[in-house]
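The values are calculated or read from the model by the stated rules, or taken from the named source; none is laboratory data. What you see is a predicted model, and the numbers here were worked out from it, not measured in a lab. Ideal geometry is used to build each Cβ from the backbone, glycine not excepted, and the neighbour counts take in all protein chains shown.
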Amino acid sequence: MQIIADLQIHSKYSRATSKNMDLEHISEGAKLKGLNLVGTGDCTFPDWVKNLKEKLVGENDSGIYKYKDMMWMITGEISTVYEQENKVRKIHHLFYIPNFEVLDQVNDRLSKLANLSSDGRPIFNKLTSPEFVELLMECSKEIIVLPSHAWTPWFGVFGSKSGFDSLEECYQDQTKNIFSLETGLSSDPAMNWRLSQLDKITLMSNSDSHSPNPWRLGREANVFELKKVTYGEILDVIKKGDNKRFLYTIETDPAYGKYHFSGHKNCNISLDPKEAIRLKNKCPRCGRMLTIGVLQRVEQLADREEGFAKKDAIPFKSLLPLYEIISFALGTNQLYSKRIIEIQNKLIDRFGNELNVLLNVSENEIIKVSNEKIGEAIAKIREEKVRFEPGYDGVYGKPIFNNKPLIKRNYGDQKTLSDFKGSVV
């Protein structure tokens, strides 16, 4: 059975998330996207845990739960903030939990160290990364812990602002319990393959979605082929990095991410690594230090040349959300356009879900339902024939079709999923 899983999202109890990040709306959005397994996110927040226990139905002690035809796995994220080697380290960690019994043990331990009701992703001051992993392992050896969005400047394990140069520096004696890493929007597996220290690490991709809309859910995801969908099976696949059961990850092009190039948002300065280094990482307009982007950070740590292909690696496919491809192809400057929503819904309604449109439906079939510009744009994304103006310092990148940058998106206010469903059910 093919499983498309997004195992890192947030609930409505996290900062800066849609009020519709609840089980109902997430299930609807995941179905439109083409996902069939979703992480709960925020499994430390008491009210969310209560809701999960009331509505999720367990599948014969499999560690997989169901709600509205969607499968769920218990997942969470925390932030550890502490000082090490005279530098403040702010590291985000993901963790996957085998069942609610283990979750109760984890939350009982964590509640003594921080206020779990403060946020869906709680902050633990002075709890170190190895201490956090050790605490979880004492609760259950079946818990999976991995660094979140590993390369982002402020909160990634390799981040330029507060990160480390190796997993061993971060997790110390608990590195033995780290066997996976989340690439994040601004890196992809090929960039991570350049570090030989990650050769035994399974690379995963998740959306980190704060909204239930299908252009956020599943924008990055993991595709498994499993005979039986259980937590234990997924644990085994991730531990072994089994490319026969872990088919590929879905990525956005790293240049589309918000931290790919180095730069300074306030001065509209975006620089590739060589230029940033030439300027000694200082903004040429204001003289302040640049935010060092993911590409430059990879160059700093890599011990292999660009283009290195890891043998027997789990492959990946680069995509963009359907809504955004349509928007770019038609040159609109509004993300929430009724016209674009109608075209998106028509394609999803005709072909079942968004990922099927992006991955499998022929260009000619897409053109029949939409138009030539949209069909051509989807084909170019699928075939990786689109260049990007790289994102930097919190600014998303922009795809370039026909050698011209397209109109910058205006995200506007958050809308609800029901505003956009139209005829799609």
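What residue, of Lys274, Lys265, is touching a residue at least 24 places away in the same chain (Cβ under 8 Å) and out of contact with any Leu (no Cβ under 7 Å at 6 or more places or on another chain)? Being touching a residue at least 24 places away in the same chain (Cβ under 8 Å) and out of contact with any Leu (no Cβ under 7 Å at 6 or more places or on another chain) holds for just one of Lys274, Lys265, which is Lys265. When Lys239 is tested against (1) closer than 30 Å to Met1 by Cα; (2) surrounded by 15 or more Cβ atoms within 10 Å (Cβ to Cβ); (3) not small (Gly, Ala, Ser), only condition (2) is not met. Tell me, please, whether a residue that is of a type in the set (Phe, Trp, Tyr), surrounded by 13 or more Cβ atoms within 10 Å (Cβ to Cβ) and assigned to a helix (DSSP H, G or I) can be found in segment 325-346. Yes, segment 325-346 has at least one match.
Could you list, in sequence order, the residues of segment 31-43 that are surrounded by 24 or more Cβ atoms within 10 Å (Cβ to Cβ) and either in contact with a Lys or Arg (Cβ under 9 Å, 6 or more places away or on another chain) or polar (S, T, N, Q) (or both)? If the condition is that a residue be surrounded by 24 or more Cβ atoms within 10 Å (Cβ to Cβ) and either in contact with a Lys or Arg (Cβ under 9 Å, 6 or more places away or on another chain) or polar (S, T, N, Q) (or both), then Leu32, Lys33, Thr40, Gly41, Asp42 are the ones that fit.
Scanning segment 115-128 turns up at least one residue that is assigned to a loop (DSSP other than H, G, I, E, B) and acidic (Asp, Glu). Would you check if Thr152 is touching a residue at least 12 places away in the same chain (Cβ under 8 Å) and in contact with a strand residue (DSSP E or B) (Cβ under 6 Å, 6 or more places away or on another chain)? Here the answer is no, as Thr152 does not meet what is asked.
Considering every residue within segment 249-263, establish whether at least one is farther than 18 Å from Ile400 by Cβ and exposed (fewer than 15 other Cβ atoms within 10 Å of the Cβ). For segment 249-263, residues farther than 18 Å from Ile400 by Cβ and exposed (fewer than 15 other Cβ atoms within 10 Å of the Cβ): absent. Here is the figure for segment 185-237: residues that are among the small types (Gly, Ala, Ser), in a loop (DSSP other than H, G, I, E, B), at pLDDT 95 or above and within 10 Å of the chain's Cα centre (by Cα) total 3.
Within segment 374-388, is even one residue surrounded by 19 or more Cβ atoms within 10 Å (Cβ to Cβ) and assigned to a strand (DSSP E or B)? Yes: one or more hits.
When Leu181 is tested against the conditions (1) of a type outside the set (Phe, Trp, Tyr); (2) under 17 Å from His92 (Cβ atoms); (3) assigned to a loop (DSSP other than H, G, I, E, B), the lone failure is (3).
Just to check your reading of the model, which residue among Leu335, Leu322, Leu279 is more than 30 Å from Ile201 (Cα to Cα), modelled with pLDDT under 95 and aliphatic (A, V, I, L, M)? Sole residue among the options that is more than 30 Å from Ile201 (Cα to Cα), modelled with pLDDT under 95 and aliphatic (A, V, I, L, M): Leu335. Go through segment 347-373 residue by residue and tally those that are more than 25 Å from the chain's Cα centre (by Cα), under 20 Å from Thr252 (Cβ atoms) and either assigned to a loop (DSSP other than H, G, I, E, B) or touching a residue at least 24 places away in the same chain (Cβ under 8 Å) (or both). The total comes to 0.
When Glu28, Glu24, Glu54 are checked against the criterion of being of a type outside the set (A, V, I, L, M) and crowded, with 20+ Cβ neighbours inside 10 Å, a single residue qualifies: Glu28.
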